[in-house]
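Asks: Questions regarding the structure given below will be posed in turn.
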Amino acid sequence: MKLDTVALVETPEGTDLHADLAGLVPRTLAYAIDLLIRVGIMCALGFLMLFLGEVGMGLYLIVFFVLEWWYPVLFEVYRGGQTLGKKVFNIKVVNEDLTPVALGPSLTRNLLRGADIFPLFYATGCISILMTERFQRLGDLAAGTIVVYCETELYDRTTIEQVEAVTPVHTMSEDQQIAFINFALNKGRMSNDRQQEIAEIVRPRMPLNTSNASDYVRGVGKWLLGAR
Amino acid sequence: MKQLEFERRHSAFWDSMESSLQLSSALEPELLSNFPKDYRRLCQHLAMAKSRRYAAGLITRLNGLVQQGYEALYGQSLNNRASIVEFLIYGFPASLRANATFLWIAAIVFVLPYAAIMIACMVNDQMIYSVIDAGNVRMVESMYDPDLGKLGRERQSDSDIQMFGFYIYNNIGIAFKCFATGIFLGVGSLFVLAFNGLHIGAVSGHLTALGYTETFYPFVIGHGSFELTAIVFSGAAGLMLGFSILAPGAHTRTRALQNAAKDAIKIMYGVFVMLLIAAFIEAFWSSSSTLPNAVKYVVGACLWVFVYYYCFFFAPNRVATYRSQDAA
C-alpha cells in the first residue's frame, strides 16, 4: 500500500487538485472538542430544565437527540464541512472529489457513527481510519467523504521584498534551487533565530564577507525566482 | 520562465478570478459565459506552475483557486425546497419499491420472532420472563392494567411532552443504530430487528394472555403503523449496506457500498419522518383516555392502510418516473 497523506483528484481539464488528509489524531481531538461542547450544552440545559418539570424532561431529550445525531450534519452542510471542533483544528469534511458535502453524504457518514462507535470508544472507526488509504472511517467509506486540512499555506511575498537579490556563486542542482526558493518565500511561524540556524547550514558555500545568513539565502532565492 | 515573471504576467487575472469566485453565487451572466474558458486557463497555469516546480506557496494559491472554480463549475447546488418536497412525496416510496427484496427479508426477520414469541407467551404465562426481566414485566403489566381504574399511560399534557421527547430520542435512535450496524455484513440490522421483534412480541402476547386487550391494543394501533414499519425499513436499509459489501457485483466493495448507501439514505430520510409522526401520535393521541376505543381502532386501521398504500401502491407511474429521472 502506498503511504501518502495527499489526496489527488484529477479534474476533467487534466490537472490534479491536491489536499492534505487529516489523520486520526487531529480528528480525535476535534471530536473531543465537539463532545465537550455537546456535554456542556446538555449540562447547562439540564440545570435549566429542572425548573420545567416533565415538559423540561421532554425538551431535554429532544435537544439530546438533535445534538447526538444532527449537530455534525448541520455544521457540515451549512458551515463548510466544519463542526466547531474541526474548525479549531483547521480540518473539514469534503467529498472524495474535494467538493463540499451535501445533506445526503453528511447524513450517511454521521448515521454510520452508530457502526464506527462499535463496540466502544469508536474502536471500529479508529481501526478503519488507520487501515484505509485515505484515512476514512466506515461512515466516510459509505458516504464517499474524506477529512482534509483547509489550505493555510498562504503565499507571503513580503519576505522577499525586504531583501536584495543576490547572484549565487555556485551552480546549484534543481532540488537545491527549490530549497532556496522555498526558504525565501516561507517564513511560516519560524522564529528569527531558527531561520538563522537553518541558513547557517549553507555558510560554507557563502561568500566570506556575508553577515546575515538568512538574508543571503533569501536573496539567492529571490534571484532564482527571477528578480535581478 | 522565472516564477516572478510568471506571476507578474498573470497575477491580475488570478486576482480577478479570486474576486469573481468569492461571489460565485451571484455570477453575472456575461461573466458566466467566460467562466469555463477562464477556468481552463487557471488549470493550465496550475499545471505549468507544478511542472516548472514553482514555489509551494504559489502552487497552493493556484490549487485553491482551481478548487473553488471546480466547485463552481461542477459542484452540485443544494436542492431547492420544491425538490425536497417532491422527494418526500415520490422519492422515498421509489427507493422502497426498488429494494423490495430487502424489505421482505427485514420484515420476515422482525415478524417471525414477533409471532413466535407472541404465541408462546399466550400459551405459557412464564415465557415472557425468558425475554424480559421481572421488574420490567411488572411495569408493563401495571401500565395496561384495566383494574387500576385509569390507563397507566393516562397523563397530563405535561407528561405527553415528556413522552414525546422520550419517543424521539429512544425510537429514532434505535432505528438509526439498526441502520448503521447493517454495515457489519447485515448482522447488526438482523440482530436489532429480531431483538425488537422478540421484545414487542413478548409484551403483546403476555398482555393478551392477561386479558388487557381493551387497554393495550387501542394504545398501540395508532402509532404502530408508522413505528413498526419504520423500524423494518431502517433494518432493510442496513441490510442494503451489508449486502453490498458481501456481494459487490461488478464494482469494488467501497464503490458498491457507496452506491448502496446513496439509496439507503433516502429510505432513512423517510424513516426519520415516519418516526417523528409516530412519536407525535404515540405521545398525544394514543395515550388519550378520553377518546373511545372504537375511534382509536378506526383511526388506527386507517393509518395502517394509509402507510402501506402510500409506500407501495400510491402513484405507481409517477414514482417510477421519479426514480428513473433520479438515476439519470
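The values are calculated or read from the model by the stated rules, or taken from the named source; none is laboratory data. Note that the structure is predicted; figures quoted are calculated from it, not measured. So basically every Cβ, Gly included, is an ideal-geometry build from the backbone, and we count neighbours across all protein chains shown.
Asks: When you look at residue A:118, is it of a type in the set (Phe, Trp, Tyr), more than 25 Å from residue B:68 (Cβ to Cβ), outside the structural domain of residue A:182 (by TED's automatic domain parsing) and not in a helix (DSSP H, G or I), yes or no?
Replies: Spelling it out, residue A:118 is indeed of a type in the set (Phe, Trp, Tyr), more than 25 Å from residue B:68 (Cβ to Cβ), outside the structural domain of residue A:182 (by TED's automatic domain parsing) and not in a helix (DSSP H, G or I).
Asks: Taking the residues in segment B:164-214 that are over 22 Å from residue B:270 (Cα atoms) and buried (at least 23 other Cβ atoms within 10 Å of the Cβ) as candidates, determine which candidate is nearest to the other protein chains (Cβ to nearest Cβ).
Replies: Once the filter is applied, the top-ranked residue is B:203.
Asks: Just to be sure before I move on: is residue A:30 closer than 30 Å to residue A:95 by Cα, buried (at least 18 other Cβ atoms within 10 Å of the Cβ) and touching a Lys or Arg at 6+ places or on another chain (Cβ under 6 Å) in the structure I sent?
Replies: Yes: the conditions hold for residue A:30.
Asks: Oh, and also: Can you confirm whether residue A:171 is of a type in the set (Ser, Thr, Tyr), in the same structural domain as residue A:25 (by TED's automatic domain parsing) and out of contact with any His (no Cβ under 8 Å at 6 or more places or on another chain)?
Replies: No, not satisfied.
Asks: Also, I was wondering about something else. Residue B:254 is checked against (1) more than 15 Å from residue B:100 (Cα to Cα); (2) at the interface with another protein chain (Cβ under 9 Å from one of its Cβ atoms); (3) at pLDDT 95 or above and fails just one. What number does that condition carry?
Replies: Of the numbered conditions (1) more than 15 Å from residue B:100 (Cα to Cα); (2) at the interface with another protein chain (Cβ under 9 Å from one of its Cβ atoms); (3) at pLDDT 95 or above, the odd one out for residue B:254 is (3).
Asks: Okay, moving on. Scan segment B:186-215 for residues that are assigned to a loop (DSSP other than H, G, I, E, B) and under 11 Å from residue B:145 (Cα atoms) and jot them down. Working first, answer last.
Replies: Residues of segment B:186-215 assigned to a loop (DSSP other than H, G, I, E, B): B:186, B:211-212.
Once the filter is applied, which keeps residues that are assigned to a loop (DSSP other than H, G, I, E, B) and under 11 Å from residue B:145 (Cα atoms), segment B:186-215 yields B:211, B:212.
Asks: Testing residue B:267 on (1) free of Cβ contacts under 8 Å to residues at least 40 places away in the same chain; (2) crowded, with 22+ Cβ neighbours inside 10 Å, one condition comes back false. Which one is that?
Replies: (1)
Asks: Additional query: Residue A:131 - would you say it is more than 19 Å from the chain's Cα centre (by Cα), in the same structural domain as residue A:24 (by TED's automatic domain parsing), at pLDDT 80 or above and over 15 Å from residue B:4 (Cα atoms)?
Replies: Yes.
Asks: Could you tell me whether segment B:231-251 includes any residue that is closer than 22 Å to residue B:103 by Cβ, more than 10 Å from chain A (Cβ to nearest Cβ) and polar (S, T, N, Q)?
Replies: no
Asks: Additional query: Scanning segment A:85-100 for residues that are in contact with an Asp or Glu (Cβ under 6 Å, 6 or more places away or on another chain) and more than 10 Å from every other protein chain (Cβ to nearest Cβ), which turns out nearest to residue B:177 (Cα to Cα)?
Replies: Checking each candidate, the answer is A:93.
Asks: A follow-up question, please. For residue A:124, which of the numbered conditions (1) at the interface with chain B (Cβ under 8 Å from one of its Cβ atoms); (2) in a helix (DSSP H, G or I) fails to hold?
Replies: Here residue A:124 meets the rest and fails (1).
Asks: Please verify whether residue B:111 is among the β-branched types (Val, Ile, Thr), surrounded by 14 or more Cβ atoms within 10 Å (Cβ to Cβ), in the same structural domain as residue B:317 (by TED's automatic domain parsing) and not in a loop (DSSP other than H, G, I, E, B), treating the condition exactly as stated.
Replies: Taking the combined requirement at face value, the residue satisfies it.
Asks: Now, a different point. Picking from A:56, A:40, A:104, A:14, which residue would you name as being facing another protein chain (nearest Cβ under 9 Å) and loosely packed, with under 14 Cβ neighbours inside 10 Å?
Replies: It is A:14.
Asks: Identify, by number, the condition in (1) part of a helix (DSSP H, G or I); (2) surrounded by fewer than 24 Cβ atoms within 10 Å (Cβ to Cβ); (3) more than 14 Å from the chain's Cα centre (by Cα) that residue B:257 doesn't meet.
Replies: (2)
Asks: Name the single residue, out of those in segment B:270-286 being away from chain A (no Cβ under 11 Å) and under 15 Å from residue B:90 (Cα atoms), that is surrounded by the fewest Cβ atoms within 10 Å (Cβ to Cβ).
Replies: Ranking the qualifying residues of segment B:270-286, first place goes to B:273.
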